[in-house]
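Presented below is the structure to which this report refers.
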Amino acid sequence: MNAFAVRVDGLPLPAPIAGHPALDFCNTLAGWDDDIPGDYFRTYDHLAAFAAGWELVDDEVAAALRERAASQRGAATAALQAAREFRTSLYRVLTEPGPGPDLELVAQTIRRAAAASELELVGDGRYRWALPASAGLRVPLHAVAGSASEFLLSGDAPSVGKCPGDGCGWLFLDRSGRRRWCTMSTCGNRAKARRFSERRRTRVTR
C-alpha cells in the first residue's frame, strides 16, 4: 500500500500517477480485487487533505473543514463513508461502464456537488465555481464529484486502464493504448521479478 505514496500535510496518500484527479481519487484504495484492500482514506483528514493536495479545494477551506470535523465526528464519519461509496461506484463506472445503481449514485453525487457550488469572482472579470467551507463537511466529496463529472464528459473515460499488478487495480489514463502498469517501478518490476523467479524454478526442476 505504501510502495508508491506521497505525504500531503503529513498524511500518506497515493502518488498522482493516474493522469487525472478523479482517477487518483479511485487509487486511494489499493488492491481493488483483494479481500481486504488497503484504504488511504483512514480518516476524514485524509479525505480533506486529498482534496486540497490535488487542488480541488483551497487549502484554507480544507483546514477549516478538518477543524470542524474534529468537533463533529458523526458528520465527518458520514461524509467519509459517502466518499468511499462514491469511490466504489465511480471505479465500477470507469472499469465496467453501463447503466445501473453505480452510475445512478455517481450521477446523483455529481448533481449534489453542482447544487452546493457557488459562482465566485476571482478578479479581472473572471469567475469560477467554488465550494466554500460553509457548504459543509461533504465539500471534499463535492469537489471530487465535480472533477469526476469533468472527466466523464471529457471523452477520456474509454482510455482508462487498470493495472493488473497483484494487490493493485489502480487506474490510469492511457490514450496511447500502450501503457500496462500503474508504474513500471512498482507493479511492473515486481511482475518482471516474479517471472524471472518462476523461470529459474522451472529450469531447476527440469
Point to revise | Long-range HN-HN contacts of V57 with modeled amide H, under 5 Å | key: A52
Review point. What percent of all Cα-Cα pairs in the stretch 7-140 falls in each 10 Å bin, counting up from 0?
Key: 12, 40, 36, 11, 1, 0
Exercise for review: For V160, list long-range residues whose amide hydrogen, built 1.01 Å from N in the peptide plane, is under 5 Å from its own amide hydrogen.
Suggested key: D174
Exercise for review: For A5, list long-range residues whose amide hydrogen, built 1.01 Å from N in the peptide plane, is under 5 Å from its own amide hydrogen.
Suggested key: A15
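Report the full-extension gain for the segment R112 to T77: residue separation times 0.36 nm, less the Cα-Cα distance, to one decimal in nm.
Working: separation 35, 0.36 × 35 = 12.60 nm, distance 1.85 nm.
Difference between extended and current length: 10.8 nm.
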Study note, to complete from the structure: Phi angles of the stretch 170-176, converted by Karplus (6.51 cos²θ - 1.76 cosθ + 1.60, θ = phi - 60°) into ³J(HN,Hα) in whole Hz with x for Gly and Pro, give 5, 9, 7, 7, 9, 5, 7
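Once you charge only the Cβ atoms, +1 for Lys and Arg and -1 for Asp and Glu, what is the size of the charge dipole of the chain about its Cα centre, to the nearest 20 debye? Please report the intermediate quantities before stating the final value.
Numbers: 27 positive and 24 negative charges, 300 e Å.
It comes to approximately 1440 debye.
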**Study point:** Whole-Å distance, taken between Cα centres, linking the stretch 9-65 and the stretch 127-177
**Key:** 11 Å
Review point. Can you give the accessible area per residue of the chain, in Å², using a 1.4 Å probe?
Key: 55 Å²
**Study point:** Protein accessible area in the chain, 1.4 Å probe - carbon and sulfur %
**Key:** 49 percent
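The values are calculated or read from the model by the stated rules, or taken from the named source; none is laboratory data. What you see is a predicted model; the values in this text were computed from it and never measured. Neighbour counts are summed over all protein chains in view; Cβ atoms, including those assigned to glycine, are modelled from backbone coordinates with ideal geometry. All accessible areas refer to the heavy atoms of the entire protein, side chains included, with ligands and DNA or RNA removed. Shrake-Rupley method; radii C 1.70, N 1.55, O 1.52, S 1.80 Å.
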